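As structure tokens, the structure follows; a few thoughts come after it.
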Amino acid sequence: MTALVTVYLKRAILMSADSLEIEIDSYETQNIIGMGITQKLFLIESSGTGISVGGFSGWDDKSVADILREFVNSASLTQKSQTDIATDLSHFLSKNYPRLQSRFHLSGFDGGEPVVMELVYISEGNWKLTRKNARSDGTLDNHFLAMCEKETARHFRLHPPDFDAFAIDDAVAFIRKLYEREIDLVTRIKNPPDVAEPIDILVIFPGGHWFESIKNREEAILDRASPMKGE
């Protein structure tokens, strides 16, 4: 299980992911043979698109970072809308990795408008893409999207904070509180726990972005050209 949390506001989007990777012997038996740390939160700098991923951490000898970097290198994304980029990723996965059972959050701004999408594996070669921060009438919401235990999500949906009044610091604090509750829960009910720190957090706003916390910036940026060692 991966935990992903995306908080979307009118002027900022905050994306986050935990770091635990569980190694299994095969997709059929699902026997756990190892545990480690992996990157699950990424950024396409040229388009200002954040991508977080849960589910399969790779396919064959490629990590999910390799797969996303292959996608970014396959086409120019700088002049495309955030919805078009998410659609392109859906088509890319369907064609090249049709059995990659993963879920993605994709977020960014089209001008001043925040766009939050969820891309979910349904069946082999079949993906469902849904915009999450806009109602059917086009009204934009301030809220959160989470991939986590149902009990954790239920708690925060039954006791929601006032997202309309949130500043970025409030959103960061909310994300950390949700992960704290999620990690406490899985530590009590699962052996081994399947969500763990460190928690990576990306802040996106119109015309810019920054990592509030990141364990591997070089790996997280998908279109970074030959970064200097130690940068």
Please compute the length gained on full extension between ILE122 and GLU180, using 0.36 nm multiplied by the number of residues separating them and subtracting their Cα-Cα distance. 17.9 nm
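Please give the net charge around SER19, taking every other residue with its beta carbon less than 9 angstrom from that of SER19, where Lys and Arg add +1 and Asp and Glu add -1.
Around SER19, the charge tally is -2.
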Shape verdict for the range 148-190, please, from the Cα gyration tensor: rounded (a/c under 1.5), prolate (a/b greater than b/c) or oblate. oblate
With a 1.4 angstrom probe the carbon and sulfur portion of accessible area for the chain, in percent, totals 46
Taking a ≥ b ≥ c as the square roots of the Cα gyration tensor eigenvalues, with a/c under 1.5 meaning rounded and otherwise prolate when a/b beats b/c or oblate if not, the range 90-194 comes out oblate
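State the extension gain, in nm to one decimal, for the chain segment bounded by ASP88 and ASP170, taking 0.36 nm per residue of separation less the distance between their alpha-carbons.
Working: separation 82, 0.36 × 82 = 29.52 nm, distance 3.28 nm.
My answer for the length gained is 26.2 nm.
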Just need the relative contact order of the range 1-160 here, percent rounded to a whole number, with Cα pairs under 8 Å and 6+ apart. 25
What does the accessible area of TRP210 come to, in Å² to the nearest 10, when a probe of 1.4 Å is used? 100
Computed label-point distance, nm, for sites ALA75 and LEU140 using a 7 Å Cα→Cβ extension: 2.5
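Taking a ≥ b ≥ c as the square roots of the Cα gyration tensor eigenvalues, with a/c under 1.5 meaning rounded and otherwise prolate when a/b beats b/c, else oblate, which class fits the chain? List each step's numbers first, then the result.
Values: a/c = 1.37, a/b = 1.06, b/c = 1.30.
It is rounded, given that a/c, with a ≥ b ≥ c, falls under 1.5.
The values are calculated or read from the model by the stated rules, or taken from the named source; none is laboratory data. Since the model is a prediction, treat every value here as computed from it, not as a measurement. Cβ sites come from the backbone with ideal geometry, for glycine too, and all protein chains shown count toward neighbours. Surface accessibility is based on the protein's heavy atoms, side chains included, excluding ligands, DNA and RNA. Shrake-Rupley method; radii C 1.70, N 1.55, O 1.52, S 1.80 Å.
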